[in-house]
1. State the Cα centre-to-centre distance between the stretch B:218-254 and the stretch A:160-185 in whole Å.
2. Any idea what Rg and Dmax come out to for the stretch B:1-134 if you just take the C-alpha atoms, in Å?
3. Is the shape of the stretch A:204-303 rounded, prolate or oblate, going by the alpha carbon gyration tensor and its root eigenvalues a ≥ b ≥ c, with a/c under 1.5 for rounded and a/b larger than b/c for prolate?
4. Cross-link candidates for A:LYS307: which aspartates and glutamates have Cα within less than 16 Å, leaving aside residues fewer than 8 places away along the same chain?
5. From zero outward in steps of 10 Å, how is the percent of C-alpha pairs of chain A spread across the bins?
6. In deg cm²/dmol, rounded to 500, what helix-only [θ] at 222 nm does chain B give when every DSSP H run of at least 4 residues adds -39500 (n - 2.57) and the total is split over its residues?
7. For B:CYS77, enumerate residues with amide H under 5 Å from its amide H, sequence gap 5+ or separate chain, H modeled in the peptide plane.
8. Assuming 0.36 nm per residue, please report the length gained on full extension of the stretch B:ARG351 to B:ILE9 beyond their Cα-Cα distance.
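Here, each number is a calculation from the coordinates, and none is a lab measurement. From a predicted model like this one, the values you see are computed outputs, not experimental measurements. Here Cβ is always computed from backbone atoms with ideal geometry, including for glycine, and neighbour counts include all displayed protein chains.
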Amino acid sequence: MSRISFLILLLGLYAPSLLQAQIDSSLFKRVENKDSLKNTMNMDAVYNRPMLFAGRLPVSIGGYMEANWQHIGVDGVSEGHQFQFRRFTIFMASTISKRIKFMSELEFEDGTREISIEFAALDMEFDPLLNLRGGIILNPIGSFNQNHDGPKWEFTDRPISATQMLPATWSNAGFGLYGKRYSNDWMFGYEAYISGGFDNTIIDNEQGKTYLPATKSNADRFEESLTGHPLYSGKFAVRNNKIGELGLSYMGGVYNRYMDEGEQIDDKRKLNVFAVDFNTTIPRLNTFITGEWAWINIQVPENYIQKYGNRQYGGFVDIVQPIWRRSIFGWDNASINLACRLEYVDWNVGRVQETGDKIGEDLWSVVGGLSFRPNSLTILRLNYRHQRNRDFLANPPVLLGGFSFGISTYF
Amino acid sequence: MMKKSHIVIGVIVALIIGVQSCERFEPKLPPEDSLLDGPMDGLNFAEMQRFLDGDQTFEEVFTIEKGLGPLFVANSCVSCHAGDGKGNPFSTVTRFGQIDATGNQFLHLGGPQLQNRAIPGYDPEVLPAGATYTRLTPPAVTGMGLLEFVPDAVLLSMADPEDRDGDGISGRVNWVNIPAFIRPRSESGSKDGKYIGRFGKKASVYDLLQQTVSAFSEDMGISTFYNPIDLFSGMPIDPEIATQKVNNVSFYLQTLKAPIPRNQNDPEVVRGKALFTQISCSSCHTPQLKTGNAPIKALAFQEFYPYTDLLLHDMGPELDDGYTEGSATTAEWRTPPLWGLGLAPDSQGGRYFLMHDGRANSIEQAIELHGGEASRVRQNYRSLSPGEKESLIKFLKSL
């Protein structure tokens with residue numbers, strides 16, 4: 001289907017609500033999250049979103065957008081002023097009947113260059129500890145993959161380790177179970193899915209390094225799993241309302257096509273990803289800290305080029321300090337925050353076979369930020385990034401730096 | 001309390017100043033003389049476009065879908081020549097199967113180059129039993145267009161194959177067969193259907209187009225219009241890369257700037273430069289050459305300082321690996337240009353890998369490995385005082 005006809009179809013689906021909005025916007029009712037922040041975990045992020053519903057329409061809708069200006073230079077070479085419309089995301093949710101829900105997330109990236117269904121799943125609750133989810137699911141690896149909405153973050157760019165080392169946003173057709181249980185201040189949850197997965201491009205791509213997101217460019221992956229094996233992903237998370245949340249997650253399976261027409265054409269190769277994530281708010285200071293760290297192990301053919309490494313690790317930590325919360329320009333409860341993000345990724349852990357030297361191929365980055373939130377749904381953010389990238393041989397690093405300013409809001 | 005209007009004005013002024021001055025907060029351009037990449041001066045608009053297109057292909061990572069392999073050594077040009085500089089043993093190529101001017105006896109077994117890597121599902125080549133071989137570290141690729149257009153007559157004038165001047169240094173050209181797709185330069189003379197080679201460690205490559213086509217084929221396993229042969233099967237196949245891209249890479253190599261020397265007024269460097277000539281390093285590492293006519297205006301009739309004579313010299317048994325190309329003997333190596341020597345660690349992972357196979361980890365070690373015709377010069381170096389040696393090394397690092 002062409003993009004234009006797809007857009008027309010989408011417009012058709014939304015037409016009733018749009019027409020109502022033109023008549024009387026008060027017909028819309030904003031659905032705030034029923035759970036207080038204290039009662040939510042990262043795994044709830046797909047539902048923990050503001051939604052609108054109109055009259056008796058059985059579908060509630062919502063979404064968010066992100067737009068940026070940036071001026072970034074690399075080793076003294078700048079592309080000047082760049083204006084970007086990064087994302088326009090639409091949520092549609094429906095409670096089909098008691099304890100049966102449907103939620104979807106449709107994303108347009110960089111205008112209409114990339115259109116993808118990031119999430120579209122049916123949830124059936126048999127018990128709070130036993131829910132069935134099926135459809136296009138977000139694999140629960142780390143925290144960012146499921147909790148990625150732009151307005152939630154103080155930075156114009158998504159974390160590099162979460163989007164380029166881990167492939168956020170990473171979703172696949174699949175099924176699984178999840179559940180959650182509360183007990184006073186304690187809460188724990190689990191998720192376990194089987195889904196479609198990766199392919200050979202993770203070690204054969206134009207990045208020239210092991211690159212899990214390469215699979216996302218395979219347009220057929222929601223229809224055909226080239227390996228014939230499921231990708232297993234699961235997460236266990238525990239939260240204490242006074243301490244914070246800790247998540248441990250795993251994703252793995254066979255990633256290469258090793259059978260064709262019933263014949264074995266290659267060795268079976270696997271990958272394993274482990275991640276730990278956490279978040280907490282320091283009492284009194286209200287400093288919010290969140291981060292994740294992941295380790296990736298991949299079986300790479302012995303005689304292949306070592307630029308495609310068999311081990312990677314990296315992560316990020318965000319520290320957000322509210323410095324002013326009051327009525328600003330008439331917005332009650334507006335806030336101004338200082339933020340800092342530290343990131344590190346080692347794309348290729350190991351030593352060069354020929355020399356014994358440590359492989360470079362890494363980056364670290366520090367991003368400072370100042371944000372203004374007129375309300376809980378909208379953010380204006382100014383960031384400065386300083387980043388160093390080293391090549392495979394660990395030659396002098398390439399320096400990247402510059403400012404970006406962005407707006408992002410739920411609607 | 002500050003008035004709201006003051007805040008608004010303050011924010012607007014800060015924004016205007018910020019947007020106008022944001023470039024000041026970005027990483028600065030490294031000094032021009034610390035970089036090897038970049039175009040030479042004097043290219044016109046069209047030439048600059050071709051340079052940029054070639055640069056893009058030079059940095060392109062080739063995948064299986066784009067024709068990589070099945071057997072290969074590297075998956076991009078830049079993986080062997082980071083920053084257009086010298087390579088590291090990681091990207092060393094192994095060449096095998098030829099011991100004299102009669103030609104390569106192992107072409108039917110995968111010669112002359114070993115493809116030591118393979119895409120998933122394939123096995124790489126292994127050295128055939130009985131084949132002599134050498135390992136070659138990728139050279140820097142800067143300033144090569146200037147080297148290409150030094151007239152053959154200049155090379156022949158520097159050659160002294162019989163050592164008639166009695167200085168112990170002979171130097172001769174390598175007469176090589178050239179592929180059918182190469183159109184010889186008008187000034188090139190031939191001898192028995194062979195032409196003077198000037199690129200490659202054995203001076204067995206005639207020009208940069210031949211070098212480019214050979215690299216696509218033998219280094220990356222990518223067939224071209226010029227050489228549409230699949231290395232794995234030995235069969236003709238369709239070109240796997242657009243001919244324009246191949247031509248652009250060749251053009252890019254022709255028009256990369258020459259390395260810019262540094263600290264030339266430093267008294268120690270000046271002293272080292274004098275010692276370089278005094279102990280006869282310059283007998284082979286000829287400081288200055290001049291191009292003749294060239295199809296690219298910026299390359300024509302240019303004086304430049306590569307510190308090479310582009311000739312073959314017998315370097316003695318220490319560097320004799322028992323492998324050769326063209327009419328060179330196994331102990332003969334082409335004088336490598338010394339320009340950019342001081343910047344080699346920036347592309348070799350922070351340290352030196354010098355000589356043809358990277359066996360020397362310092363300039364001093366490299367000098368000590370000079371035997372054969374260079375024995376006397378090496379002896380001259382050994383007789384220098386420690387201070388003089390230091391000056392000489394400093395000069396070499398300034399290149």
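1. 45 Å
2. 26.3, 93
3. prolate
4. Leaving aside aspartates and glutamates fewer than 8 places away in the same chain, those within reach of A:LYS307 are A:ASP204, A:GLU206, A:ASP346, A:GLU354, A:ASP357, A:GLU361, A:ASP362, A:ASP391, B:GLU59, B:GLU60, B:ASP219.
5. Once binned at 10 Å, the Cα pair distances of chain A give 4, 20, 31, 28, 13, 3, 0, 0.
6. Numbers: 10 runs with 104 residues, N = 399.
Result for chain B, helices only: -8000 deg cm²/dmol.
7. Counting only residues 5 or more places away or on other chains, the set is B:GLU60.
8. Length difference between fully extended and current span is 117.7 nm.
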